[in-house]
Amino acid sequence: MIVEEMMKKEIFTLTENHLIADALQLMRDQKIRHLPIIDEANHLIGLVTDRDIRDATPSILDTVQLKEGLSQPIKRIMKTDIISGHPLDFVEDIAATLYEHRIGCMPILNENQLVGIVTQTDLLHTYVELTGAHQPGSQIEVRVPNRTGKLFEVTSVFRNLKANILSVLVYPDKEDSNYKIIVLRVQTMNPLSLVDKLREEGHSVLWPIDPRK
């Protein structure tokens, strides 16, 4: 999946001359935590987060200083060293960048124009949809040697039993790099017949644990 298919295109923005109070109010009204700052040409020049505002304003108990802090222009607190993406970037690349740099969002630019934004919450929702976790079904985990053709062997069992696979994930076995874990979400509430067939074919099923044993 590319970023263009899941990014938010309705973007709330301010300019650098707006006040911190304006940013705080907009975030509260729209229930957002990240606010791109643009110039008159819709070029991204900064980014403000709810954390930036909290760090820049004193305690609510100090009314005078709080009022003075909120009356400052956004350019006083906005970050200008911003990591951005492109609409044709792959979602997994964006996710890896957010993880690596420990950032909560990424503005999406096309020809230097702000066209979208992706947040950690957006990625979580996309992950849920891609894995089918929001649909009724069962999860089966199979440990296989890290060799060509193993995924085909496992999915062939489901095909032969006419079981509908909602999603497939593969990740390395943390205990042994010679193995991988295949996680399949299947459109059935009782996967025991599938588990039996997998084991009959010689596959190591990690989950579900057979309640009959």
Going through (1) in a helix (DSSP H, G or I); (2) open to solvent by less than 50 Å² (accessible area, probe 1.4 Å) one by one, residue 93 fails only at (2)
Taking region 19-38 and keeping residues among the hydrophobic types (A, V, I, L, M, F, W, C), part of a strand (DSSP E or B) and either under 16 Å from residue 104 (Cα atoms) or touching a Lys or Arg at 6+ places or on another chain (Cβ under 8 Å) (or both) leaves 35, 37
Take residue 88 and tell me if it is open to solvent by 60 Å² or more (accessible area, probe 1.4 Å), of a type in the set (A, V, I, L, M) and either out of contact with any strand residue (DSSP E or B) (no Cβ under 8 Å at 6 or more places or on another chain) or modelled with pLDDT of 95 or more (or both).
yes
Check your understanding: Residue check: is residue 141 modelled with pLDDT of 95 or more, among the charged types (D, E, K, R) and not in a loop (DSSP other than H, G, I, E, B)?
Key -> yes
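Here is a yes/no grid of residues against (1) modelled with pLDDT under 95; (2) more than 30 Å from residue 182 (Cα to Cα); (3) touching an Asp or Glu at 6+ places or on another chain (Cβ under 6 Å):
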| site | (1), (2), (3) |
| --- | --- |
| 63 | yes, yes, no |
| 67 | yes, yes, no |
| 76 | yes, yes, no |
| 110 | no, yes, no |
| 124 | yes, no, no |
| 135 | yes, no, no |
| 163 | yes, no, no |
| 167 | yes, no, no |
Note on region 81-116: residues over 15 Å from residue 6 (Cβ atoms) and of a type in the set (Phe, Trp, Tyr) are 99
For the structure I just gave you, tell me whether residue 119 is open to solvent by 30 Å² or more (accessible area, probe 1.4 Å) and either touching a residue at least 60 places away in the same chain (Cβ under 8 Å) or out of contact with any helix residue (DSSP H, G or I) (no Cβ under 6 Å at 6 or more places or on another chain) (or both). no
All conditions in (1) part of a loop (DSSP other than H, G, I, E, B); (2) surrounded by fewer than 16 Cβ atoms within 10 Å (Cβ to Cβ) are true of residue 99 except (1)
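The values are calculated or read from the model by the stated rules, or taken from the named source; none is laboratory data. A quick note: this is a predicted structure, and the numbers were derived from the prediction, not measured. Note that we place each Cβ from the backbone using ideal geometry, even for glycine, and neighbour counts take in every protein chain shown. With ligands, DNA and RNA removed, areas are computed over all heavy atoms of the protein, side chains included. Shrake-Rupley method; radii C 1.70, N 1.55, O 1.52, S 1.80 Å.
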